[in-house]
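Peer 1: Structure below; questions to follow.
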Amino acid sequence: MWKAARNTVRLTCSACRSVAHASCQARVSAPRVISSATPCPTGCRALSSSSTSSTAVTSTSSDGRFLTVAWQAGGESRYPFIYLRDNCTCSECFHELSSMRTVEIMADGIDADISPSGVESTATGVRITWPNGHVSDFTNAWLREHTLSTQPKDHGLGRFQRPAAQPWLASTFSPPVFGLDAMMSNENVQYDILDNLYKSGIVVVKGCGTEPMPNEVYEKLGMLQDTAFGLFWLVEARADPNNLAYSPKAFPLHTDLPYLKNTPGTLLLHCLRQAPTGGHTFLTDGFAVAAKLREENPLWYDLFSRVPVTWHQLGYDPTSDRHYHYEFAQPILNVDRHGELYKVCFSVAARGSFLSIKEDDVHDFYHGYLRWMQLCKSPEHRYEVRLEPGDMLIINDQRIAHGRDAISDTREKGRCLRGCYLSWDDVDSRFRHLYYKLKKA
Ligand SMILES: [Fe+2]
Ligand SMILES: [Zn+2]
């Protein structure tokens, strides 16, 4: 028999407004799931859902601390009342425009074990009346989305899932190509560019001209991320290079700025000028190499995902007139709390000499590292592209390692790439905005 554990909670029929209703009372007294095939003899449909929606509530019950909702499509969800009170969606407790909470449960003296004074089904969901008379309405859709008992990964982002990465091999890969004009004028194209960036980690935009582009071009995809090197920097051979990138030497495969805690998410390289010969860019999918490494030797993968490596760079940038001394320790393979790889950090030049590892594990680490390098450079994984003036290469800097061969361009105005970064948070934000605006859900 249904009863409240702490306080008696009345389950009220929204149509007949009474708990004394014989048929409804019989149903709320029944243990948990109530058949919707036996409608109330008075015609009341509040507890016998007529909806075929998978989000329809077919019954509610409570033990005083939890609201239990049974779904017509099967299964049920339980919601602690404190959770519902904390997340009331009324205009007094929630600012819908910014999607931000305004109720402060501590300041409002709300108890963690709060029980409502009334619960009733409504045409769209559930209405809860609290001891102080405050009323909270939750729609079936809200309840479904906020189910705790089947909490998915990244719960709370359930409405929006970043498109999954699709690791690739060089032999079968060709980067998705878009045009700048379309990107500037069409939000669907902006969405597609970001969608492809999530999936393949690389996108090429053509038709960008050979002059520096204004910030607004980049802001179609996210927000520029400033660093000691400035918002924009030119990758070209300089007479007195303070950075390997500015010398004509080959630059081995790497991800940019692993020495930043806020590692840039997106690297954009706009080709203003290209060398007559050479000037190839090499790209390797770090996610694909990591999968291969894991398959070959799980111990190496484990070490790479567990052992922090110190990354650093220090110096002075004459263009931005900034001194810098960057340093940060993070593994080569960064996995989230679900064990899923989300960031690859890898730079021959910026890898420091400190290694937080036991002496006896060092040989294994280096065996793995040498194999990692071998795989990154192998024809199976290393994709080669030669940017033409007017091309812009966009890559996921937390996944795709890039490098170049030596530049034999001795002209005064030789090969030149104009680079910048967008932070992942802002790319995510832009994509999420487009996702909802363009109704991609
Ligand atoms: Fe780089
Ligand atoms: Zn409220």
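We did not get these values from a lab; they are worked out from the coordinates using the rules stated. Predicted model, so just to flag it, every value in this text is computed and none were measured. Backbone-built Cβ (ideal geometry, glycine too); neighbour counts: all protein chains shown.
Peer 1: Looking only at residues that are of a type in the set (G, A, S) and not in a helix (DSSP H, G or I) in the stretch 337-370, which one is farthest from Y246 (Cα to Cα)?
Peer 2: This residue is G339.
Peer 1: Which ones in the stretch 295-319 are touching a Phe, Trp or Tyr at 6+ places or on another chain (Cβ under 6 Å) and closer than 30 Å to Y246 by Cα?
Peer 2: T310, W311, H312, Q313, D317 - these are the residues of the stretch 295-319 that are touching a Phe, Trp or Tyr at 6+ places or on another chain (Cβ under 6 Å) and closer than 30 Å to Y246 by Cα.
Peer 1: Still on this model: Pull up the stretch 380-418, narrow it to residues that are out of contact with any Ser or Thr (no Cβ under 8 Å at 6 or more places or on another chain) and surrounded by fewer than 18 Cβ atoms within 10 Å (Cβ to Cβ), then point me to the one that is nearest to A291 (Cα to Cα).
Peer 2: Top of the filtered list is D405.
Peer 1: Right, G315: surrounded by fewer than 17 Cβ atoms within 10 Å (Cβ to Cβ) and free of Cβ contacts under 8 Å to residues at least 12 places away in the same chain or not?
Peer 2: Criteria not met by G315.
Peer 1: Let me ask something else. Consider the stretch 385-431. How many of its residues are within 16 Å of ligand 1 (Cβ to nearest atom) and under 30 Å from the mean Cα position of the chain (by Cα)?
Peer 2: Residues in the stretch 385-431 being within 16 Å of ligand 1 (Cβ to nearest atom) and under 30 Å from the mean Cα position of the chain (by Cα): 21 in total.
Peer 1: Can you tell me which residues in the stretch 125-136 are surrounded by 15 or more Cβ atoms within 10 Å (Cβ to Cβ) and over 15 Å from T68 (Cα atoms)?
Peer 2: Across the stretch 125-136, the qualifying residues are T129, W130, H134, S136.
Peer 1: Within the stretch 65-86, how many residues turn out to be charged (D, E, K, R) and part of a loop (DSSP other than H, G, I, E, B)?
Peer 2: Of the residues in that region, 1 qualify.
Peer 1: For the stretch 257-278, what are the residues that are more than 19 Å from P308 (Cβ to Cβ), touching a strand residue (DSSP E or B) at 6+ places or on another chain (Cβ under 7 Å) and not β-branched (V, I, T)?
Peer 2: Result: P264, G265, L267, L268, L269, H270, C271, L272, R273.
Peer 1: So, one more: Can you tell me which residue is farthest from ligand 1 (Cβ to nearest atom) among those in the stretch 254-297 that are assigned to a loop (DSSP other than H, G, I, E, B) and more than 24 Å from the chain's Cα centre (by Cα)?
Peer 2: N297
This table checks each residue for (1) out of contact with any strand residue (DSSP E or B) (no Cβ under 7 Å at 6 or more places or on another chain); (2) closer than 21 Å to S174 by Cα; (3) outside any loop (DSSP other than H, G, I, E, B).
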position	(1), (2), (3)
M373	yes, no, yes
Y383	no, yes, yes
L387	no, yes, no
G390	no, yes, no
I394	no, yes, yes
I407	yes, no, no
